[in-house]
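Input: a single structure, listed below in structure tokens.
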Amino acid sequence: MKRAEMGRGTVNKWDQKEFKQELCRCTEKMETIIQAYLPKEEGFQRTVLEAMNYSVLAGGKRLRPMLLLESCRLFGGDERLAEPFMAAIEMIHTYSLVHDDLPAMDNDEFRRGKQTTHIRYGHAMGILAGDALLNYAFETMTEAVEIAKHLPVEEYYTTLERILQAQRILARKSGIYGMVGGQTVDVEATEKQERLTQEKLDFIYRLKTGALIEGAMMAGAVLAGASPDELVKMEGIASKVGLAFQIQDDILDVTSTVEVLGKPVFSDERNQKTTYVTYRGVDECRRLVEEISGEALKELSALDGHQNEFLRQLLIWLISREK
Ligand code: GRG
């Protein structure tokens, strides 16, 4: 069944093969959109531009842009408006990975099956490329204003408001009340070799991993004109997805291989990090992933009048992913 045949409000199910085919198409689309917004490698500062593009183009599942787009579609939004935000959120995500891999943090040499940015370009350039990606992400989001200029005048001001709101959401979710905040608590606890309480561990997961997933789904929804009440619901769903996603990441760190993951395994143990697996063990973590994601899916299907079968299957896939 083609996606076009699965309009809003339909609840038809896809089988696994159909979903995988659509996922492939969607990943290719993400690559095209992301590439279109990357900077040209030119000028005296060319090295940092190359390092930015190297990091972004190294691969990755492109989950956050997909979640943003599908959340926009869920509320019947205009995809064109979502595109600069899709590229921007992948830039923010990539910057966080580039900085997280630095010697001052996780000190990893491989990511997405390739050398990490600071190994390839040197430590200083790793820091600069991360900074540049974060900055360029916010510049890229403003491209949506150019797209809005082509809308009928009566839609223009509403659209500008939505663009600003989406930008604000992404600033907050990637900043001190989101990803940076979570990473701060994580780094500090790791340095002190603190045995985390469940409360602190949940705080780290909610902010470090969950916040950007929340940002993706909320920004997509807000661009499509979702109501404040619907936004709160999207935040709740995304928060659960983020938690399940991170627990799955913990599981993969101890059960997968470097070949499948494209990054080192047992890195949590090496960095003496407390994770859900430390407290609960792999089997209990698997059960938890199912329970939490089940709740998220239930809340998603309860969104009145809004259904997106691809988004539903995407959430199932990312929670049960193998890399
Ligand atoms: C440096 C401010 C700052 C934050 C770093 C994202 C992050 C916070 C650290 C990376 C390490 C980690 C385990 C993060 C949790 C989120 C996560 C599982 C990231 C990997 O995301 P994927 O699986 O990666 O979507 P790809 O490569 O597919 O894009």
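List of remarks:
- Longest segment of the chain lacking chymotrypsin sites (Phe, Trp or Tyr not before Pro) that sit in a DSSP loop with at most 11 other Cβ atoms within 10 Å: 45-265
- Here, region 50-151 is characterised by an Rg to Rh ratio of 1.05, where Rg is the alpha-carbon radius of gyration and Rh the Kirkwood radius.
- If you take the alpha carbon atoms of the chain and fit the smallest convex hull around them, that volume is 131 Å³ per residue.
- At most 10 other Cβ within 10 Å, DSSP loop - GluC sites (Glu not before Pro), region 24-82: Glu42
- Filter on Lys173/Lys233; Lys200/Lys233; Lys61/Lys323; Lys240/Lys263; Lys192/Lys273 - keep pairs with C-alpha separation over 18 Å: Lys200/Lys233; Lys240/Lys263
- Cα-based shape type of region 39-82, given that a ≥ b ≥ c are square roots of the gyration tensor eigenvalues and the cut on a/c is 1.5: oblate
Each value in this text was obtained by applying a stated rule to the coordinates, not by laboratory testing. All values reported here derive from a predicted model rather than from experimental measurement. All Cβ positions, glycine included, derive from the backbone under ideal geometry; neighbour counts span all protein chains shown.
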